[in-house]
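Encoded as structure tokens, the structure appears first; notes follow it.
The values are calculated or read from the model by the stated rules, or taken from the named source; none is laboratory data. If you're wondering where the values come from, they're calculated on a predicted model, not measured in any experiment. Cβ: placed from backbone, ideal geometry, glycine included. Neighbour counts: every protein chain shown. Protein only, heavy atoms only, side chains kept; ligands, DNA and RNA dropped before computing areas. Shrake-Rupley method; radii C 1.70, N 1.55, O 1.52, S 1.80 Å.
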Protein chains: 2
Amino acid sequence: MTQRLFTPGPLTTDARVRAAMDRDWGSRDADFIALTAELRSRLLGVVPGAAARHVAVPIQGAGSYALEAAVATLIGAEHRLLVLVNGAYGRRMVEIARRMGRDVVALEWSEHEAVDPARVATALAGDATISHVALVQCETTTGLLNPVDAVAQVVAEAGRVLIVDAMSGFGALPLDRGATRIGAVLASSNKCLEGPPGIAFALVERDLLVEAKGRSPSLAFDLHDQARGFEADGQWRFTPPVQVVAGLVEALRLHEAEGGASARLARYRRRYEILRAGMERLGYPLYLDPALQAPIIATFRPRAGQEKFDFARFHDHLARRGLVIYPGKLTAEPSFRVGCIGALEDGDFDELIEAIGAYAD
Amino acid sequence: MTQRLFTPGPLTTDARVRAAMDRDWGSRDADFIALTAELRSRLLGVVPGAAARHVAVPIQGAGSYALEAAVATLIGAEHRLLVLVNGAYGRRMVEIARRMGRDVVALEWSEHEAVDPARVATALAGDATISHVALVQCETTTGLLNPVDAVAQVVAEAGRVLIVDAMSGFGALPLDRGATRIGAVLASSNKCLEGPPGIAFALVERDLLVEAKGRSPSLAFDLHDQARGFEADGQWRFTPPVQVVAGLVEALRLHEAEGGASARLARYRRRYEILRAGMERLGYPLYLDPALQAPIIATFRPRAGQEKFDFARFHDHLARRGLVIYPGKLTAEPSFRVGCIGALEDGDFDELIEAIGAYAD
């Protein structure tokens, strides 16, 4: 039985993506250099306007590596980073900066509240030493969509640099109006781009990269040196995951063929509506105010009367039907998450609703 | 035309390895947790004796990440690291430690000389503040095999901790006699294990990991926390490259089925002998003293009379026949490298020799 993954990523990839992974490449060969150039160009192309000022810097590894690389490369000992926190991924950015010995402060909201740009403006007005601000576009913790454009405007008006963790939504949620005001956009191969996991990337303003020369305490996570490597000879500084690169390039070709980010968002929204309506009918409440919910991954609470909700049993009931969901990531209450992304069909969501309906407490 | 990669890795993988990559996995699901457990157990199993004292800690990304993770996790501000350098990978370890602000000193040899254990003993006797010693087992720069066992003995007798970069040879070159004296062994998925690139790993003595808690300035490269993650719930802390994990596990199964490291070394030695004899007949001299040459990757000089050796033209002559080799990595003179590893046949090496023989200067 084929598994269908209703997960935040790694997710169900298209068979064409996996077929593209079925070959070996010499990583210093001309054809792989061309593939790497296509990768970098297509990543920039996902965000309208980014190609004019930003440089695409893929790095080998997990998505969180892009967060750590951005902190290592962009935040110096003379800087102060303000992280806007309303979930696990904001907290992760704080931990990364703290570990690295960088000066970091956090502005916090609860996990069901969006970041409030007015509070950010006040914080920036009150602390001139804050040089950079980091925001998570869509918190995978809950699926909450933060107001990137409004925060970008506040940060730009205050003359600070904005770093956006766009991991969850890159390739679907729009960044275009904010693109020219974002210093660095961070994401990975295996969310809305629907590629295999194994590559993270940053789209960084060229000026920020240039002034970052020699700053990173990490050799691996030095985005300046990584970019310089690509620009010098088209090659990765260290061994790239060649099959993952090939799979991601194929995923980016499919992304373009589908119609880009807006078409993909429309597909996810259609699935989210099937999910939301079905779960409402079955009595599973959305955790978030629907106005804050991005159609990427949705967090649900147990039904009324399911006081002793047993996630493992619920998960296994669905998994026996080839339907895989994730537990919630809330710190305080029982919940579960259903992803709307990946190479699935509308019918898979109907089937999921049917299977959830058949769950006997 | 299928390419055959005579490279130091990424290399030619077995079709069964690539077939294992042709599915998606929920990275928090029971079957993937089982796959991860098999990966960690099989990695330890490659080195006889390692399971008793070492912990296998895979990390997402390129091989060099294991070097950086070992420095971040094992070398504190109170330590001093001595790196034994006779090639690019020793120099890389020095650069990693320097970037991180760690106290590091180097003992250097030329690129065609093996590390001399007596000089190491003298250095350790003369500097009691050296706490750790790092050695590259087989320098991919040239293919030179360093005397791991003798160095391990010297380091153990001096009561210091040895870190071995076994990237090039892990899974073929023996480490068994030294295993109990090596604090950390570092390697990656895509060399002698013949897996896809995208995973690095460290086999670390459990005692060293325990005392490393909270030391790493990097969240991603904290081997203590990564190991604790696996031990807590069997999961990776950050998104793993699921297809690469599946491919590597299949590669490890094939490694065992072939007869383990000694059988694999015998296969490589057989190919190396075809290569060495053929190249001698054609007049291409080995760069190294044959006594120092590991049968993993061999560096050759141009023939007498080939004063204006044009690597790109030579490479392309072979590439047109589907045969891919790498340039040399020597700092001082023209050279090229031919790998003996990967899922190739003896006949591929005969064909390579024939094609090199047909090259017209």
| Can you list the equivalent-ellipsoid semi-axes of the stretch A:196-292, largest first and in whole Å, using the square root of 5 times each Cα gyration tensor eigenvalue? | 39, 18, 13
| said: In Å², and per residue, what accessible area does the stretch A:83-157 have when probed at 1.4 Å with the other protein chains present? | reply: 35 Å²
| task | Take the protein assembly as shown, drop everything but the C-alpha atoms, weight them equally and run the Debye formula without solvent; then report log10 I(q)/I(0) at 0.06, 0.07, 0.09 Å⁻¹ to two decimals. | result | -0.35, -0.48, -0.80
| How much accessible area is lost when chains A and B come together, counting both sides, with a 1.4 Å probe, in Å² rounded to the nearest 100? | 4200 Å²
| task | Using a/c under 1.5 as the rounded threshold, could you call the stretch B:25-130 rounded, prolate or oblate? The axes a ≥ b ≥ c are square roots of the C-alpha gyration tensor eigenvalues, and prolate needs a/b larger than b/c, oblate otherwise. | result | prolate
| Listing of the stretch B:70-110 residues, each with accessible area lower by at least 40 Å² in the full protein assembly than in the chain alone (probe 1.4 Å) | B:92, B:99
| request: Return, for the Cα atoms of the stretch B:291-361, the radius of gyration and Dmax in Å, separated by a comma. | output: 12.3, 34
| message | Tell me the mean residue ellipticity at 222 nm calculated for chain A from its helices only (DSSP H runs of n ≥ 4, each -39500 (n - 2.57), averaged over every residue, nearest 500). | response | -12500 deg cm²/dmol
| query | Taking every eigenvalue of the Cα gyration tensor of chain A, multiplying by 5 and rooting it, what semi-axes result, largest first, whole Å? | reply | 33, 27, 16
| Got a sec? Charge dipole of chain B, +1 on Cβ for Lys and Arg, -1 for Asp and Glu; which of B:72, B:242, B:32 is way out at the positive end? | B:72
| query | Rounded to a whole number, what % of the accessible area of chain B do carbon and sulfur atoms account for, probe 1.4 Å? | reply | 50 percent
| request: Summarise the partner chain shielding of B:236-248 as one whole number: the mean count of Cβ atoms from other chains within 10 Å of each residue's Cβ. | output: 6
| said: What does the structure give for A:53-61 when I average, per residue, the other chain Cβ atoms found within 10 Å of the residue Cβ? | reply: 3
| query | Given H placed 1.01 Å from N in the peptide plane, which residues other than close sequence neighbours of residue A:134 have an amide H under 5 Å from its amide H? | reply | A:82, A:83, A:84, A:163
| query | For the stretch A:237-264 and the stretch A:55-79, what is the separation of their C-alpha centers, rounded to whole Å? | reply | 21 Å
| query | In the stretch A:175-274, what trypsin sites (Lys or Arg not before Pro) fall in a loop by DSSP, with at most 13 other Cβ atoms inside 10 Å? | reply | A:213
| request: Name the residue, out of A:131, A:41, A:189, whose mean-square fluctuation peaks in a Gaussian network model built on chain A with Cα pairs under 10 Å. | output: A:41
| Ordering of B:155-163, B:330-338 by packing [mean C-beta count within 10 Å, highest first] | B:155-163, B:330-338
| field | Members of A:213/B:329; B:213/B:329; B:191/B:329; A:308/A:329 lying beyond 29 Å, as alpha-carbon distances in this model show | value | B:213/B:329
| Evaluated at 37 °C with a viscosity of 0.692 mPa s, what Stokes-Einstein diffusion coefficient in µm²/s does the stretch B:246-339 have when Rh comes from the Kirkwood expression over alpha-carbon pairs? | 218 µm²/s
| Debye log10 I(q)/I(0) for the stretch B:143-218, one point scatterer per Cα, at q = 0.11, 0.22 Å⁻¹ | -0.32, -1.06
